[in-house]
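Encoded as structure tokens, the structure appears first; notes follow it.
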Amino acid sequence: MEFKKSGRLTRVGYEIRGPMLEHADALETAGNPVMRLNTGDPAMFGLRAADNVLQDVIAHLPESQGYSAPQGIVPARLSVADYYARRGVPDVTADDVYLGNGVSELICMATQALLDDGDEVLIPAPDFPLWTAATTLASGKAVHYLCDEESDWYPDLADMTAKVTDRTRAVVLINPNNPTGAVYPRDVLEAVLDLARRHHLIVFADEIYDRIVYDDALHHCAAAIAPDVLCLTFSGLSKAYRLAGLRSGWLAISGPKQHAKDYLAGLSLLAAVRLCPNVPAQHAIRIALDADHSIDDLVLPAGRLAEQRDLAWELLNAIPGVSCVKPKGALYAFPRLEPTVYPVEDDGQLAFDLLREEKVLVVRGTGFNWPRPDHFRLLTLPGADDLTTAITRIGHFLGRYHK
Ligand code: PLP
């Protein structure tokens, strides 16, 4: 008798940590080191958290033995509220902040609390695929709006508008974007927020990379631009604070909360059902945000992350038939394989062959709900030498592939 997984899972995928990992593990077990350019975890690439954040977590361990309040400890929630006040988002109090075991848990809670069967969420294509997975798990329907590579990967507003129906409940904005690295200018955000305003949509603003921006790019909080729109802003300690292992994130609610009492009661119910987030990790939020442990030194022009971003972008564009829009933020590049040069039918096979032949692990573009098999994503987190080796190997592989 075979035990089968729930039918709900047949449409759920998460390729960033998907089946390719097993192949990579098997290669390593057989003595072949793999360059893993798949998971955006700064700590894995030598970017360490600030020592006083870690010390503070340790110092609070003795008082972290019991559960906290379901929404999280008050000092951390106050620090999140202060952070958004500094970023120009009005009226966020500690009551409007929910802490979670990473943004991931909060994405699942926010979608589950909102959606009835068949309710629709507008999600970018390409996306950070948890948004699609969480929407599907919550029995909603992920409706993907296109982002336009020709326009720096900004949302295609016409496509988004055409996809609004009477079942649409929310729109997801990932800014800075994973996987494209786009950082949206104010007018682009205003247009999306206006659409949300006109159609009474909730805005889910995933801003986990809000402090990882390069060059002259400026990050605008969507919630600051449209204080009259119900907005849930998500962020956490995994990226800019290099603490993905702590699993510590938050969401902040802004806008007309008086019209969302029922939804917020649903969110509170789910916060209670999961008891509370990891308590020691909650303590890290206050010191990380209040002491301003910034990543600025890494993203400034001569900083490590900015230099790696430049290097990856240059090396990728130097491969014949490959083009890559310059990422303005986040930790990834999302290059395009010109279909006349690389007539790829199955980008999963492409990624698999790359892994097998060159021991480089990337994530296929369709894993980000991109509709065509002509992209892949790699990290810009490895140091310059590793990045050069990895992209050189990708170039060699593609040189053989297009024959
Ligand atoms: N949102 C985006 C856009 C991400 O890229 C990630 C992680 O890669 C997350 C959310 C999840 O982050 P966390 O580690 O806080 O769960």
Kindly check whether there is at least one residue in region 146-163 that is more than 16 Å from the ligand (Cβ to nearest atom), open to solvent by less than 10 Å² (accessible area, probe 1.4 Å) and of a type in the set (A, V, I, L, M). yes
For region 176-186, indicate whether the set of residues that are surrounded by fewer than 23 Cβ atoms within 10 Å (Cβ to Cβ) and small (G, A, S) is non-empty.
-> no
Picking from V362, V341, the residue that is among the hydrophobic types (A, V, I, L, M, F, W, C) and more than 27 Å from A134 (Cβ to Cβ) would be V341
By residue number, the members of region 193-219 that are in contact with a Leu (Cβ under 6 Å, 6 or more places away or on another chain) and more than 15 Å from the ligand (Cβ to nearest atom) are I202
(1) in contact (Cβ under 8 Å) with a residue 40 or more places away in the chain; (2) assigned to a loop (DSSP other than H, G, I, E, B) all hold for A142 apart from (2)
D297 passes all but one of the listed conditions (1) surrounded by 13 or more Cβ atoms within 10 Å (Cβ to Cβ); (2) outside any loop (DSSP other than H, G, I, E, B); (3) modelled with pLDDT under 95; the exception is number (1)
Per the filter on region 246-270, residues within 16 Å of the ligand (Cβ to nearest atom) and either part of a strand (DSSP E or B) or open to solvent by less than 10 Å² (accessible area, probe 1.4 Å) (or both) are S248, G249, W250, L251, A252
Expected output for region 42-63 (first residue under 19 Å from G236 (Cα atoms) and among the polar types (S, T, N, Q), partner open to solvent by less than 70 Å² (accessible area, probe 1.4 Å) and not in a helix (DSSP H, G or I), Cβ below 7 Å, 6+ apart or cross-chain) is N52/A291
Going through region 31-41 in order, the residues found to be away from the ligand (no atom under 16 Å from the Cβ) and either open to solvent by 80 Å² or more (accessible area, probe 1.4 Å) or in contact (Cβ under 8 Å) with a residue 24 or more places away in the chain (or both) are N32, P33, V34, M35
Here the residues within region 136-145 that are surrounded by fewer than 20 Cβ atoms within 10 Å (Cβ to Cβ) and either touching a Pro at 6+ places or on another chain (Cβ under 9 Å) or among the hydroxyl-bearing types (S, T, Y) (or both) are S139
Checked against (1) of a type outside the set (A, V, I, L, M); (2) open to solvent by 20 Å² or more (accessible area, probe 1.4 Å); (3) in a helix (DSSP H, G or I), T132 satisfies every condition except (2)
The number of residues in region 15-25 that are surrounded by 12 or more Cβ atoms within 10 Å (Cβ to Cβ) and either of a type outside the set (D, E, K, R) or more than 16 Å from the ligand (Cβ to nearest atom) (or both) is 6
Of those in region 231-240 that are touching a helix residue (DSSP H, G or I) at 6+ places or on another chain (Cβ under 7 Å) and not polar (S, T, N, Q), the residue farthest from the ligand (Cβ to nearest atom) is C231
Of those in region 96-116 that are more than 13 Å from the ligand (Cβ to nearest atom) and of a type in the set (A, V, I, L, M, F, W, C), the residue farthest from G266 (Cα to Cα) is V97
Filtering region 355-403 down to residues that are of a type outside the set (A, V, I, L, M, F, W, C), surrounded by 22 or more Cβ atoms within 10 Å (Cβ to Cβ) and not in a helix (DSSP H, G or I) yields R364, H375, R377, T380, P382
- Taking the condition within 30 Å of T168 (Cα to Cα) and away from the ligand (no atom under 16 Å from the Cβ), does Y84 pass? yes
- So is E28 out of contact with any helix residue (DSSP H, G or I) (no Cβ under 6 Å at 6 or more places or on another chain) and part of a helix (DSSP H, G or I) or not? yes
Of the listed residues (T135, T93), the one being without any contact (Cβ under 8 Å) to a residue 60 or more places away in the chain, under 18 Å from T366 (Cβ atoms) and more than 10 Å from the ligand (Cβ to nearest atom) is T135
*Quick one: would you say L331 is surrounded by fewer than 23 Cβ atoms within 10 Å (Cβ to Cβ) and within 22 Å of L218 (Cβ to Cβ)?*
no
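The values are calculated or read from the model by the stated rules, or taken from the named source; none is laboratory data. Nothing here was measured: the structure is a model prediction, and the numbers come from that model. For neighbour counting, all protein chains shown are included, and Cβ atoms are generated from backbone atoms with ideal geometry for every residue, glycine included. These area figures cover heavy atoms from the full protein model, side chains too; ligands, DNA and RNA do not enter into them. Shrake-Rupley method; radii C 1.70, N 1.55, O 1.52, S 1.80 Å.
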